[in-house]
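The values are calculated or read from the model by the stated rules, or taken from the named source; none is laboratory data. In this text, all values refer to a predicted model and were calculated from it rather than measured experimentally. Neighbour counts are summed over all protein chains in view; Cβ atoms, including those assigned to glycine, are modelled from backbone coordinates with ideal geometry. For the accessible areas, the whole protein counts, side chains as well, though only heavy atoms, and no ligand, DNA or RNA atoms are used. Shrake-Rupley method; radii C 1.70, N 1.55, O 1.52, S 1.80 Å.
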Amino acid sequence: MSHGHDDHDHDHDDVALRVRAIESLLIEKGYLTTAAIDRLVAAYENDIGPMLGARVVARAWRDPAFRQRLLADGTGTLREMGVGGFSGENMVVVENTPAVHNVVVCTLCSCYPWPVLGLPPTWYKSPEYRSRVVREPRAVLKEFGLELPPQRAVKVWDSSAEIRYLVLPECPAGTGSLDEAALAQLVTRESMIGTGVPRSP
Amino acid sequence: MTPMRIGPHDIGGLHLGPVPIETGEPVFHADWEKSVFGATICAIIKGAFNVDEFRSGIEQMAPEPYLAASYYEKWLFTLEYNLARAGVLTDAEISTHMARLRALPGTPLPQRDDTKLLETIDWLIPNCPGGRTAPPQPPLFRPGDRVRARAVKPAPHTRAPGYCQGHVGVVRLVHDAYPLADISARRGPETPQTLYTVAFPATDLWSDAEPGTDVHADLWESYLEPIN
């Protein structure tokens, strides 16, 4: 279903019309309701997003025992914070250290840990990111404004099956006096995928 | 060695250009995307097709349309593909209805109630079980084992990325068993197999890859063979 750029608006109207037709027919056939669509959209527009992962990261920074549990059993430990479910049923958390930087991708489609980060951004799903980050991650990270020290190893995690990954970034310096809520504000979505680092206080 | 590709989606390792980064983007860029998102998930809940068939459907796109399509255009493709295969909705029905909507532009969507569907959605979002089981036999491999990723052909679907097929890696993580996607995508019997995270040095996969990079792929046991 390729687009000619000149026909973009025309094609777009056609897509919207086509989708509306499919929506109507599926409702009539008992597969769908408008309330169901609204419920799903509201969940992922409002309730489920990177702020959930940020709270987990902030707690891991403050609570070493929680951090250990999180790294040993991502799924079970996330449940302690009421986080988990659809499209992130099997979670592994990988930690950044001075020696290792982690970055997550799904080269084959766009698998992503919805329960901790919400729906993925367009760049994560793009052929450009999916193709290049396994082969030249540092060059890709530079496009995000992140330059890694040359001696730092990079581990790329390709979510090719049922496991979903969350990066536990390093805690920024100068944050000793901040509480967990304030720490969570520093944790960006990109830092939990590996294409960025947390903000400084 | 020439890497084998398992479909138009098997793009790991290609050079496809600068990453398009849109800051502050909305979750959905158009109302039709919301409808495609919701309709696809509801169709899966209703049993018209499963998640592996969803992925496999996208992989039926031809290479150029695949790369040109936006994310939700891919979802639309597989939604239609799978609904047609399931006998739920045909292209002819869609075209007929589109003509009706063009003739009567203000036509509202049908209003139906389906409380059970809403309850299922509310339950599924936090509680989706995810297919994890104990393995049917003891895992073949342990962390630290060197393994070779087999040459796996899609029939029509597999999750063994072409870039690692034929290459030697090291098992880093041994997970529980999950139903093999290859079989689920063709509606075969649920076939749990142990899942492994296997690390490959990127420079083994591509000689010009950045050194100091390890690529981890999650591979089912039948995708791997021992190194002796």
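Residue by residue through the stretch B:201-207, which ³J(HN,Hα) values in whole Hz follow from phi under the Karplus form 6.51 cos²θ - 1.76 cosθ + 1.60 (θ = phi - 60°), with glycine and proline marked x?
x, 4, 6, 6, 7, 9, 5
For the stretch A:37-97, what are Rg and Dmax over the alpha carbons, in angstrom?
Expressed in Å, the Cα Rg and Dmax of the stretch A:37-97 come to 12.8, 41.
Where the centroid of each part is defined by its Cα atoms, how far is the stretch A:125-161 from the stretch B:1-72 in Å?
Answer, in whole Å: 20.
For the protein assembly as shown, what is the mean residue ellipticity at 222 nm derived from helices alone (per DSSP H run of n ≥ 4: -39500 (n - 2.57); sum divided by total residues; nearest 500 deg cm²/dmol)?
Mean residue ellipticity at 222 nm (helix-derived): -11000 deg cm²/dmol.
Using DSSP H assignments, which helices in chain B have an axial alpha-carbon span of 15 Å or above and a mean Kyte-Doolittle hydropathy of 0.0 or higher?
B:31-45, B:115-127
List nothing, just return the count: lysine pairs in the protein assembly as shown, 8 or more apart or interchain, with Cα separation under 15 Å.
Close lysine pairs under the 15 Å cut-off: 4.
Going 7 Å from the Cα of B:SER207 toward and past its Cβ, which residues in the stretch B:7-47 have a backbone nitrogen under 19 Å from where you end up?
B:13-15
What is the magnitude of the charge dipole of the stretch B:131-204 about its Cα centre, with +1 placed on the Cβ of each Lys and Arg, -1 on the Cβ of each Asp and Glu, and no other charges, expressed in debye to the nearest 20?
That gives a dipole near 120 debye.
Using only protein heavy atoms and a 1.4 angstrom probe, determine the accessible area buried between B and A, summed over both sides, in Å² to the nearest 100.
Buried: approximately 8300 Å² between A and B.
Non-local amide H neighbours of B:LEU173 (under 5 Å, H modeled in plane, Pro and chain starts lacking H): which ones?
Amide H to amide H, under 5 Å and 5 or more residues apart or across chains, B:LEU173 pairs with B:THR197.
Can you give the accessible area per residue of the protein assembly as shown, in Å², using a 1.4 Å probe?
Heavy-atom accessible area per residue stands at 42 Å².
What number in nm² do you get for chain A if you take the convex hull of its Cα atoms and divide its surface by four?
Over every viewing direction, the Cα hull of chain A projects on average to 14.0 nm².
Could you compute the FRET efficiency for A:ASP14 and A:ALA139, with r as their C-beta to C-beta distance and R0 at 56 Å, rounded to 0.05?
According to the calculation, E is roughly 0.90.
Convex hull volume of the Cα atoms in the stretch B:30-96, per residue, in Å³?
92 Å³
Within a 10 angstrom radius of each residue's Cβ in A:160-170, how many Cβ atoms of other chains show up on average? Whole number is fine.
Rounded to a whole number, the mean comes out at 5.
Could you give the nm distance between label points at A:ALA182 and B:ALA86, where each point is 7 Å from its Cα heading toward the beta carbon?
Inter-label distance under the simple model: 5.1 nm.
Within the stretch B:192-211, find all residues whose amide N lies under 14 Å from a label point positioned 7 Å from the Cα of B:GLN137 along Cα-to-beta-carbon.
The answer is B:192-194, whose backbone nitrogens lie closer than 14 Å to the label point.
Strictly under 4.7 angstrom between C-beta atoms: which cysteines of the protein assembly as shown have no such partner?
That list is A:CYS109, A:CYS171, B:CYS42, B:CYS128, B:CYS164.
Using 7 Å Cα-to-Cβ label points, what is the A:ARG199/B:ASN127 separation (nm, one decimal)?
Computed distance between label sites A:ARG199 and B:ASN127 equals 3.7 nm.
Could you compute the longest span of chain B free of GluC sites (Glu not before Pro) located in DSSP loops and having at most 16 other Cβ atoms within 10 Å, not counting the site residues?
Longest run free of exposed loop sites: B:23-189.
Assigning unit charges at the beta carbon (Lys, Arg +1; Asp, Glu -1) and nothing else, what dipole magnitude in debye, to the nearest 20, does chain A show about its Cα centre?
With Lys and Arg at +1 and Asp and Glu at -1, about 840 debye.
Expressed as a whole percentage, what fraction of the accessible surface of the stretch A:29-114 belongs to carbon and sulfur atoms when a 1.4 Å probe is rolled over the protein heavy atoms?
52 percent
Note down the magnitude of the dipole of chain B about its Cα centre, charges +1 on Lys and Arg C-beta and -1 on Asp and Glu C-beta and zero elsewhere, to the nearest 20 debye.
Charge dipole, chain B, about its Cα centre: 540 debye, nearest 20.
Let me have the relative contact order for the stretch B:1-116, percent, based on Cα pairs under 8 Å that are six or more residues apart.
24 percent
What's log10 of I(q)/I(0) for the protein assembly as shown at q = 0.08, 0.09, 0.12, 0.13 Å⁻¹, Debye sum over Cα points only, no solvent?
-0.45, -0.57, -1.03, -1.21
What FRET efficiency, computed as 1/(1 + (r/R0)^6) with R0 = 60 Å and r the Cβ-Cβ distance, is obtained for A:ALA65 and B:ALA68, rounded to the nearest 0.05?
For A:ALA65 and B:ALA68, the calculated efficiency is 0.75.
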